[in-house]
Amino acid sequence: YMGDAWTVVLKFHPFSYIHIFVMGCALGKVFHSTQNTPPPFVRYCASLSYLILLGLFSFSFLHPPSYKLSCRLGTLAPLQALILLGLAHEQDPLAKLFAQKPLKTFGEISYSQYIFQFVVFTIFKHMTGYHKVTWLYWVMLIATAAAGHRIVQKTIKGSTSFSKFVFLTLFVTVLWMLRGLMFQSLIATSTTNGNSNGHGNGNGNSNGNGNGNVVQPSMTPAPQFQLSHGAFDIEIELHPHEKVLERGGHIINPSPLWFDGKLMLACRFHKFETLNLEMIPEATVQHQVFRSEMFLGTLDTHNFRFTSPLKPITVKPPLSINMTWIPCLPEQVRWQNGTIIQKLVTGPEDPRLFVFDDEVILSFNSLVPVTNNLKRCSYGTTQMRMFVTALDTASTHSAVALGLDKLELEFEKQFEKNWLFFKSNSTLHAVYSVEPHVVLMFGAPTTKFAPGTLWGAREVRQFRTSFPLLGLWSNASVAIHGGANPILIESADAGIEIGLDPLVVGDAPFFLAAFHTVNHTKYENFLYVFSATPPFRVQAVSKPLPLWEAPGGPQLAFMSGLTLLPDGRLVIGYGASDKHPRLLVTTPQFVRELFER
């Protein structure tokens with residue numbers, strides 16, 4: 001990872017920007033020496049440079065090599081220098097335009113606006129619950145920028161050097177003191193997202209506060225607690241004779257599916273342990289083992305408990321696929337306190353259920369070696385891959401997979417996971433990326449879900465669209481990943497029955513699916529709607545789902561399944577803190593409020 005380290009150094013070390021500092025000094029010298037007699041080219045250099053920048057940003061074939069990094073390091077500096085010079089001399093047409101009010105006023109507060117933009121957006125998001133920019137955000141930002149300009153920039157401008165130093169010291173000290181108070185308030189708002197006006201239900205749990213969100217319970221685990229409008233969140237109880245947890249570990253990431261009059265549920269057994277401490281001259285080697293298996297069960301729709309012990313899902317790879325589920329040691333390693341930490345994964349992960357041609361289909365991902373018989377995978381030999389397989393749900397002892405299909409694509413990344421599979425026009429599709437919204441349409445396999453069947457890359461068609469709100473998040477460095485396989489809503493009436501107003505979510509037919517965002521270590525989960533016809537454009541995104549998180553533990557609530565019951569309730573499956581399998585059971589009013597803005 002030395003290449004990654006050097007990239008970070010280039011992007012963030014001050015020495016990487018020495019040439020920008022020197023250019024700024026030289027530009028100031030040029031401006032002062034030509035202030036009284038500006039050269040002719042400054043009359044139009046700003047306008048011309050802006051046109052060149054517009055072309056560079058509009059046409060990808062004009063991008064320089066490694067354009068994101070190179071532009072950050074100064075590839076565009078000559079154009080920026082010409083813009084500054086042309087605007088400073090105030091002879092360029094754009095300079096004359098910018099000198100007019102109110103543009104001049106906005107120019108004066110632009111630096112404060114740049115400094116405060118993300119701070120104001122964070123406050124705005126937690127105050128309103130919105131994750132997109134609205135007119136209120138711009139009002140807050142402009143007011144904050146104007147206040148910052150008046151309090152800081154204008155005050156410093158007319159002060160002596162000593163007064164500037166004292167003022168800045170006091171200002172930074174006050175900001176630092178307010179920082180902790182502000183973020184503690186934001187965290188509390190994020191956790192409860194409302195006032196503590198819930199009502200006890202007689203079981204020590206808390207009801208919702210009337211806005212679709214939850215006052216977090218103080219005890220862990222929380223078997224069940226009420227949300228607004230009759231929705232509730234419940235921990236799935238295992239069957240009394242269940243033996244799968246005798247080995248330790250947890251059942252997580254449940255994926256519910258209503259099929260053939262039953263509420264089926266696929267889930268993952270997860271156990272983490274540290275093994276095989278080895279001493280080498282340079283460091284200690286530690287193997288972090290993630291034991292993973294898939295199970296299938298059936299839930300009672302009244303109390304959402306398993307009706308019988310879980311059945312293991314067994315899959316046998318076809319001979320044409322070079323993979324195996326022996327413990328595989330990937331090449332990713334990291335150093336921590338003199339220890340080399342390596343991760344081992346022992347089986348398939350994150351099972352999700354969907355229906356295709358009246359068959360129950362299981363999708364999952366797994367870290368597998370590219371070549372056979374590798375007990376430890378060396379560099380470049382491991383890949384996280386997606387698989388789909390039909391299930392024999394009638395098996396009495398295990399849910400045996402009838403076949404295994406590996407999805408092989410020309411544009412595969414090193415790690416493939418969180419694809420969302422669905423059926424459209426009798427053809428298998430998958431949401432490959434949420435933003436941009438990339439949907440893959442697969443050609444028919446040679447034999448339907450038969451062992452050894454490969455979905456060839458030449459049989460894949462791709463649809464690509466974008467949704468402004470998700471694009472904003474993506475540009476703000478928020479990672480967006482898939483969550484739950486889509487379910488088809490065929491008509492406006494069917495959507496209204498579960499709380500999806502066509503005036504809010506758009507025209508039917510459409511698919512209802514889910515995704516999650518990752519911002520540092522914080523997960524947030526959302527429902528979203530996309531069109532049922534190509535190019536499968538995103539039509540609406542919900543507010544964050546109020547999923548339960550274990551107090552004091554990692555803030556990881558991972559939505560893994562979504563299904564619709566005959567009575568119109570949505571059942572959302574998720575895993576909390578890699579320990580708790582939970583369901584959020586909605587009502588139409590609850591869903592309607594999630595999509596209201």
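Based on the Cα coordinates of region 58-137, what is the per residue volume of their convex hull in Å³? List each step's numbers first, then the result.
Details: hull volume 13.0 nm³, N = 80.
Convex hull volume per residue, Cα atoms: 162 Å³.
Using only protein heavy atoms and a 1.4 Å probe, report how much of Glu497 is accessible, in Å² to the nearest 10.
Glu497 exposes around 120 Å² with every protein chain in place.
How large is the charge dipole for region 5-157, taken about the Cα centre, if only the Cβ atoms of Lys, Arg (+1) and Asp, Glu (-1) carry charge, to the nearest 20 debye? Don't skip to the answer; put the middle values down first.
On the way: 13 positive and 3 negative charges, 54 e Å.
It comes to approximately 260 debye.
Can you give me the accessible area per residue for region 516-597, using a 1.4 Å probe, in Å²? Let's see the in-between values first.
On the way: 2620 Å² over 82 residues.
In whole numbers, region 516-597 has 32 Å² accessible per residue.
Leaving ligands and nucleic acids out of the surface, order Cys45, Cys25, Cys71 by accessible area at 1.4 Å, largest first.
Details: Cys45 10, Cys25 75, Cys71 40 Å².
So the residues, ranked largest to smallest area, are Cys25, Cys71, Cys45.
Could you pull the Rg and Dmax for region 46-101, using just the Cα atoms, both in Å?
In Å, with Rg to one decimal and Dmax whole: 12.9, 40.
Going highest first, how would you order 295-306, 100-111, 566-577 by mean Cβ packing within 10 Å? Intermediate results must be reported in sequence, preceding the final value.
On the way: 295-306: 17.2, 100-111: 12.2, 566-577: 21.0.
The peptides rank, most packed first, as 566-577, 295-306, 100-111.
Using a 1.4 Å probe on the protein heavy atoms, what percent of the accessible area of region 11-102 belongs to carbon and sulfur?
Carbon and sulfur atoms account for 70 percent of the accessible area of region 11-102.
Report the relative contact order of region 226-274, percent, no decimals, based on alpha-carbon pairs under 8 angstrom and at least 6 residues apart. Walk me through the intermediate numbers first.
On the way: 37 pairs, mean separation 13.6, N = 49.
Relative CO of region 226-274 lands at 28 percent.
What ranking, highest mean first, results for peptides 261-270, 139-148 when packing means the other Cβ atoms within 10 Å averaged over each residue?
On the way: 261-270: 20.9, 139-148: 16.7.
So the peptides 261-270, 139-148, ranked by packing, come out 261-270, 139-148.
For the pairs Lys423/Lys543; Lys243/Lys423; Lys29/Lys104; Lys11/Lys101; Lys11/Lys96, note any where the Cα-Cα span goes beyond 29 Å.
From the list (Lys423/Lys543; Lys243/Lys423; Lys29/Lys104; Lys11/Lys101; Lys11/Lys96), the Cα-Cα distance tops 29 Å for Lys243/Lys423; Lys11/Lys101; Lys11/Lys96.
Using packing as a proxy for protection, rank 356-365, 55-64 so that the peptide with the highest average count of other Cβ atoms within 10 Å comes first. Mind showing how you got there, number by number?
Numbers: 356-365: 18.4, 55-64: 10.5.
Ranking, from highest mean packing down: 356-365, 55-64.
The values are calculated or read from the model by the stated rules, or taken from the named source; none is laboratory data. The model shown is predicted, which means the values in this text are computed figures rather than measured ones. Ideal geometry is used to build each Cβ from the backbone, glycine not excepted, and the neighbour counts take in all protein chains shown. Side chains included, ligands, DNA and RNA excluded: accessible areas come from the protein's heavy atoms. Shrake-Rupley method; radii C 1.70, N 1.55, O 1.52, S 1.80 Å.
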